[in-house]
Every structure is written in C-alpha cells, then in structure tokens.
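Participant: Structure in structure tokens, see below.
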Amino acid sequence: MKVVILAGGFGTRISEESYLKPKPMIEIGGKPILWHIMKTFSSYGYNEFVICCGYKQDVIKEWFANYYIYSSDITFDFTSGHLETKVHREQPEPWKVTVVDTGLHTMTGGRIKRIAPYVGDEPFFLTYGDGVADVPIDKLLAFHKEKGQTATITCAQPKSRFGHLDITEEGTVTSFREKTKENSEWINAGYMVLEKDVFDYIDGDTTVFEKYPLEKLAADGQLNAFKHDGFWQCMDTMREKQLLEGLWDRNEAPWKVWE
C-alpha cells in the first residue's frame, strides 16, 4: 500500500517559517515534519509514498534529491582538479517517493484526485503533512478491512488550551476548570485508509475533501472512524512547533515509534 501525504498548502498560520518553505518542510529536531510522518509509516513497513505538492514544491523535490547530503557526512575532494565526493555514515531509507506537483491553488480533494494514476486500483493511506501521532497503523488498517467500507478516518480528541467556564444567567462564574480530552469533541486527525472508490466522490481541483466527499461518504454509510486516544498534534502555529520541538529535544516524542 502507498502512503499519500497532502503537502501543498500555504501554511499561512505559521507564516514565520512558511514564507520560506512549505509547512511540511518546517523542522522538528533538524528534520522536516514530513520526515517524521514518513518514519512513522515506514516503521510499520509502508515505504512507498506519494507527496501531493503545490506551494514551493521545488523545496520538497530538492530535499529528497539531496537526502544523502542532508543526512550524511561527506568529503568533497578537489585535489585532483575536479570534484570527487565520498559519502560517509550513510543513512539510507527503504523509501520510494513520488513527488507530484498537484497545483498551487488546488483544494485537498483536487490534490487527491490528481494522484489517482500513482496509486492505481489499490487502497491507500492518506494523511496531512503537518501533524504527528502515535496512531497504530496496523490496527488502523485491520479496522478498515473489518468494516469493509470505502473510507476510514482516524479521529482524536485534542486537549483545548482554553479553560471551561460555568456561568449563571446573571453572569456569575460558578466554576472554572481546564478542558480535558474527555470533554472535547472528536476531530479528523488524518491517518486515513481509502479505497479507490473514493475518487468517484471528488469532482476536481476545487473540491475540498473535508466537505462534500467526506459528507457524502458519511451519508452513504461508507465512512468509519478509528478512535485514537493516544498522542496527536498538528503544527499550525509557532506555539505548536515549539511544543513538538520541546518533546523531541527532551526525548519524549510519543510519535517516535521507530528505533
């Protein structure tokens, strides 16, 4: 099975860094968050990736083209009159990566529709290029196969950073409590499994996958939710990037399920 990753958006809410690079290339611990996501799937044996690019797609292509340069020690030898390079301490990945320019202004559904030729008739994983999690990929796939429907999405309950107020009709606050995961709503956390029939639910470039396609799948009884009560965190803001950086630096990153 292939893993499709949506990596084409503008990342305007984290513009401090996204004006230079696409959001999936913003780093956590010196590696793009895209790398972290791929390492998670790879740890479960899924090593074929299709990256749906758009904004600054050349940055993603160049990073993969120069992967050894970024991840290894290299000797550049000019003594013979021409450049010779020797790569030391290679860190190869068992990856096959297809990077697809799915358009600058294409919506999420349109990006998925455009990569149909690269996934063929097989089911595939789909996730967003800006969120990390410790989703058990093997259990997610088993759940999808058991249900036998067109689509399965992973849902999570992120903890809100805002407290919850109980207020009387007169305006008196009777209690203040921190909002926990248990009283949060379930949200789409990505990490989906989709059958090829999903392409029939997408019209074209202007289709937002999270709108009509998912709503129609739900109405048709073809959408299931895999509840994940472990770690999940998107990286929409600098505050969230710093949160993930802190976890990684302290060696407390729950999404690091690989050795």
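Participant: Provide the packing ranking of 100-113, 231-244, i.e. peptides ordered by the mean count of other C-beta atoms within 10 Å per residue, highest first.
Facilitator: 100-113, 231-244
Participant: Moving to a separate point now. Taking just the alpha carbons, could you work out the radius of gyration and Dmax for the chain, both in angstroms?
Facilitator: Gyration radius and largest Cα-Cα distance of the chain: 20.6, 85 Å.
Participant: Just going by the charge dipole of the chain, with Lys and Arg at +1 and Asp and Glu at -1 on Cβ, which of Asn224, Thr237, Gln157 is farthest out on the positive end?
Facilitator: Thr237
Participant: Please list, in order along segment 59-65, the HN-Hα scalar couplings obtained from phi with the Karplus expression 6.51 cos²θ - 1.76 cosθ + 1.60 (θ = phi - 60°), rounded to whole Hz, x for Gly and Pro.
Facilitator: Result, ordered by residue: 5, 5, 4, 5, 5, 5, 5 Hz.
Participant: Okay, next question. Packing-wise, with mean Cβ within 10 Å as the measure, how do 53-59, 11-17, 79-85, 37-43 rank, highest first?
Facilitator: 37-43, 53-59, 11-17, 79-85
Participant: Quick check: from the Cα gyration tensor, does segment 25-100 come out rounded (a/c under 1.5), prolate or oblate?
Facilitator: Verdict is prolate for segment 25-100.
Participant: Relative to the longest principal axis of the C-alpha atoms of the chain, give the angle of the C-alpha long axis of helix 137-147, reported between 0 and 90° and rounded to the nearest 10°.
Facilitator: Relative to the chain, helix 137-147 is tipped by roughly 50 degrees.
Participant: Also: What list of whole percents do you get for P(r) of segment 1-138, with Cα-Cα distances grouped in 10 Å bins up to the one holding the largest distance?
Facilitator: Pairs per bin, as whole percents: 11, 38, 32, 13, 4, 0.
Participant: Would you please give the FRET efficiency between Ser15 and Glu146, computed as 1/(1 + (r/R0)^6) with r the Cβ-Cβ distance and R0 = 35 Å, to the nearest 0.05?
Facilitator: In this case the efficiency is close to 0.25.
Participant: Right, next: Taking Cα pairs under 8 Å and at least six residues apart, what relative contact order does the chain come out at, in percent?
Facilitator: 24 percent
Participant: Report, in whole Å, the centroid distance computed from the Cα atoms of segment 30-95 and segment 199-259.
Facilitator: Computed from Cα coordinates, the inter-centre distance equals 24 Å.
Participant: As a check on your grasp of the helix formula, calculate [θ] at 222 nm for the chain: sum -39500 (n - 2.57) over DSSP H runs of n ≥ 4, divide by the residue count, round to the nearest 500.
Facilitator: Result for the chain: -7500 deg cm²/dmol, rounded to the nearest 500.
Participant: Cut-off 10 angstrom, C-alpha nodes, Gaussian network model of the chain. Which of Leu126, Leu34, Leu217 fluctuates the most?
Facilitator: Result for the chain, Cα springs under 10 Å: Leu217 fluctuates most.
Participant: Could I ask something else about it? Quote the FRET efficiency, to the nearest 0.05, computed for Ser72 versus Tyr212 with a Förster distance R0 of 30 Å and r equal to the Cβ-Cβ distance.
Facilitator: Efficiency at R0 = 30 Å is approximately 0.10.
Participant: Starting at the first residue of segment 44-49, write each ³J(HN,Hα) from the Karplus equation 6.51 cos²θ - 1.76 cosθ + 1.60 with θ = phi - 60°, in whole Hz, x for Gly and Pro.
Facilitator: My calculation for segment 44-49 gives 9, x, 9, 10, 9, 10 Hz in order.
Participant: Given segment 2-249, what percent of its DSSP beta bridges are antiparallel, to the nearest 5?
Facilitator: 50 percent
Participant: In Å and from the alpha-carbon atoms only, list the Rg and Dmax of segment 202-259.
Facilitator: Expressed in Å, the Cα Rg and Dmax of segment 202-259 come to 17.0, 45.
Read-outs: derived from the displayed coordinates by stated rules, not from any lab. In this text, all values refer to a predicted model and were calculated from it rather than measured experimentally. Neighbour counts run over all protein chains shown; Cβ positions are idealised from the backbone, glycine included.
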